[in-house]
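**Student:** Have a look at the structure that comes next, please.
What follows is calculated from the coordinates using simple rules that are stated; it is not laboratory data. From a predicted model like this one, the values you see are computed outputs, not experimental measurements. Using ideal geometry, Cβ is built from the backbone for each residue, glycine included, and neighbour counts are taken over all protein chains shown.
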Amino acid sequence: MKCKWLLLSVAVIFFAETAAFCAPEPTLAPGANQWTLNIVFTQPEQITVRIPDQGAQRFWYIIITVTNNSKIDVPFYPGCELLTDTMQIIPAYKDTRNIVFDKIKARHKKKFPFLESLEYAGNKILQGQDNTKDFAIIWPDFDAKAKNISLFIAGLSNEIAAVDHPTKKDPNGNPEKIYLKKTFELQYSIGGDEDLRESGTLAFKGKRWVMR
């Protein structure tokens, strides 16, 4: 019990420190060497898949369509997390055997015939509409008590910002730097009984670019 309360206290302190400083807003007008990919996204859906040696498991996923409208080919190293209002942070699922992705691809083969798994995306997005890509992003099921979630998708822009850490200092006594990336956030509220997860629905609340 003491260990549980200690871990909870550490989590609260971490989030308090993170919120103690004001992160910069993304720039409205990109600089000469800055780029941001265009993104279109689907409503999150859930799917239950039987995983060998683990049984049936529930997952959530969205499909994003990414287009590079800049004048150069750009590097693509995405990072995706799901954050609940119960302070659960879940990285995108690593579907090493492609079982979950294959089920999703079969479900959407008519609308997204060239759907790719974000996990195996190439490290470059070529410029132009002809090189638009469709990717599935998958997360394991999250805390049933959560009432709101945010999906964070990084790697869609090369804009970064450096801010001072609110508490940590370097050997010279100066604040340590935290480097934030321009990240796309999708916000949803969760409806339905937590005991009937299969009937749960996500209601779209908003989208925005944040430095994270």
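**Student:** Across region 144-180, which residue is nearest to Glu45 (Cα to Cα) among those that are in contact with a helix residue (DSSP H, G or I) (Cβ under 7 Å, 6 or more places away or on another chain) and in contact (Cβ under 8 Å) with a residue 60 or more places away in the chain?
**Tutor:** Within region 144-180, the match that is nearest to Glu45 (Cα to Cα) is Pro166.
**Student:** Take the residues in region 45-87 that are assigned to a loop (DSSP other than H, G, I, E, B) and aliphatic (A, V, I, L, M), then tell me which one is farthest from Arg212 (Cα to Cα).
**Tutor:** Across region 45-87, the extreme among qualifying residues is Ile72.
**Student:** (1) surrounded by fewer than 16 Cβ atoms within 10 Å (Cβ to Cβ); (2) on the phi > 0 side of the Ramachandran plot: which one isn't true of Asp102, the others all being true?
**Tutor:** Going through (1) surrounded by fewer than 16 Cβ atoms within 10 Å (Cβ to Cβ); (2) on the phi > 0 side of the Ramachandran plot one by one, Asp102 breaks only (2).
**Student:** For region 41-80, which positions are under 14 Å from Leu151 (Cβ atoms) and surrounded by fewer than 17 Cβ atoms within 10 Å (Cβ to Cβ)?
**Tutor:** Matches in region 41-80: Thr42, Gln43, Glu45, Gln46, Gly79.
**Student:** Residues of region 102-143 being in contact with a helix residue (DSSP H, G or I) (Cβ under 6 Å, 6 or more places away or on another chain) and touching a residue at least 24 places away in the same chain (Cβ under 8 Å), which ones?
**Tutor:** Correct list: Leu115, Phe135, Ala136, Ile137, Ile138.
**Student:** Residues in region 187-208: is at least one without any contact (Cβ under 8 Å) to a residue 40 or more places away in the chain and more than 23 Å from Phe59 (Cβ to Cβ)?
**Tutor:** Within region 187-208, one or more residues are without any contact (Cβ under 8 Å) to a residue 40 or more places away in the chain and more than 23 Å from Phe59 (Cβ to Cβ).
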